[in-house]
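A short write-up of the structure that comes next.
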Amino acid sequence: MGLTFNIAKASALPLYRQLQEGLQEYINQAELKTGDSIPSIGEIAAAAGVSLRTAEKALNGLIAEGVCFRRPKKGTFVGEGTALTKKKPCCAVFNPLGMPSLETNILEAAIYRGIQLEAQTRGIDVVNISGDLKDSLFFYQNNEQIKLTGLLFLHDKPIEETTELAGLFPKLPLVVLNYYHSGFENTPKNVYGIFNDDFAGAYQMTEMLIKRGHRRIAALALDLADENYSRRLQGMEKALRDNRLVPDRDLVFLGSRQKRFDQRTLGVELCTECFKHENPPTAIFCVNDQLAAGAVKCLKESLNKPDVEVSGYDYISPYLSIDFGFHTLAIDFEGMGKRAMEILAGAKPCMKSLYLTPQLLPREKSL
């Protein structure tokens, strides 16, 4: 069979990726067997009309996937699906702020802990990426010592960038953790998501407040890029409607994302605004525990409203709900990391999205 390639230089798919796919097709159509030789880099470059560097990059991609292997001074040959030298499985974790950020970001630290625990159990190494994702993934995919099993997004990233990355690395599983964005279901098939069921948790909490006799329930929230908090508000509203209560949009108070670094103080401010309403609430649903702690502080120290119940959401810092005495929902952040590693290890069939149910933690006395 002649060595020919259909390379479209105007395509959005990089030349080396097109050539890599063309080489795979050549191996299949020529019915090459394990140990058969592959044309040289010079022959591949000439047939495809590309540079030697591009041809080498394409061939290295097949080597990284175990389709081919090299013998020094002898050439490149068809493999058995894995390289002759067994590669160490490795997953990449994207955290643009670097490892020191985990000392202050308790949420992402919990997810990372789950990743590490499951990785150790399965004998998978973890590498952390904080710089350019494309260059880093190209490097690890072409590393002859490791087998890159996938990429985990520990930090929030725009869905457009995730989609672009998935197109560049169509055979690499990408797992989005915690931060949900609208349109996720339409991302490429190699993108997966592990999320908290924000809607269901908020629904459950609101129903509990209603059963405790509350009919006027305010909400304190934060306007962020991801949609986790908005889904919690949607769950609250659905629970109200299902219990024949009309949601009062004037009782939903949103703080700006610029204040996200001091959310307890923001909780105090929003709670203060809440009780300027002519028909104030008897309970307050907060989309996270820091806002709830601020609301309790405001109710106790400023407003003298001991009968108002407060609920939070996340249980990132367990002492908060205990010390301040509010209901909350515990998100299994560590479980997110473990489930993500199960996907990369191929331990379970992959669904596009997996939603973990949070645990309701009611307090006997909210204040």
Theoretical FRET efficiency, 1/(1+(r/R0)^6), r = Cβ-Cβ of GLU364 and LEU303, R0 22 Å, to 0.05: 0.50
query: Can you list the GluC sites (Glu not before Pro) in segment 94-176 that are in a DSSP coil and have 15 or fewer other beta carbons within 10 angstrom?
result: GLU144
- request: For the chain, set up a Gaussian network in which alpha carbons nearer than 10 Å are linked by springs, and say which option among LEU299, LEU13, LEU137 fluctuates the most.
  value: LEU13
query: What dipole magnitude, in Debye to the nearest 20, does the chain give about its Cα centre under +1 on Lys/Arg Cβ and -1 on Asp/Glu Cβ?
result: 580
- prompt: So what is the relative contact order for the chain, in percent, with contacts set as C-alpha pairs under 8 Å and at least six apart?
  reply: 15
- request: Evaluate the charge dipole of segment 212-367 about its Cα centre and quote only its size in Debye, nearest 20, assuming +1 on the Cβ of each Lys and Arg and -1 on the Cβ of each Asp and Glu.
  value: 300
message: Could you tell me which residue out of LEU19, THR357, PRO173 lies farthest along the dipole of the chain toward its positive end? Charges go on the beta carbon: Lys and Arg +1, Asp and Glu -1, centred on the Cα centre.
response: LEU19
- prompt: Which entry in (1) 59, 26, 17; (2) 53, 19, 16; (3) 37, 22, 19 is this structure's computed semi-axes √(5λ) of the Cα gyration tensor in Å?
  reply: (2)
Per DSSP, loop trypsin sites (Lys or Arg not before Pro) in segment 275-367 with at most 14 further Cβ within 10 Å: LYS276, LYS352, LYS365
statement: Honestly segment 124-168 on the Cα gyration tensor test (a ≥ b ≥ c root eigenvalues; a/c under 1.5 rounded, otherwise a/b vs b/c for prolate or oblate) is just prolate
- prompt: Rounded to the nearest 5, what is the percent of antiparallel bridges among the DSSP beta bridges in the chain?
  reply: 20
- prompt: Short version: ³J(HN,Hα) in whole Hz for each residue of segment 337-342, in order, from phi by Karplus 6.51 cos²θ - 1.76 cosθ + 1.60 (θ = phi - 60°), x for Gly and Pro, what are they?
  reply: x, 5, 5, 4, 5, 4
- line: Unit-weight point scatterers at every alpha-carbon of segment 227-283, Debye formula, q = 0.19, 0.25 1/Å: log10 I(q)/I(0) is -0.82, -1.16
- line: Averaging 1/r across every pair of distinct alpha carbons in segment 277-316 and inverting yields a Kirkwood hydrodynamic radius, in angstrom, of 10.4
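Where a number appears in this text, it was derived from the coordinates with a stated rule and is not lab data. Quick caveat, the model's predicted, so the values are computed rather than measured. Heads up, the Cβs are rebuilt from the backbone with ideal geometry, glycines too, and the neighbour counts pull from every protein chain shown.
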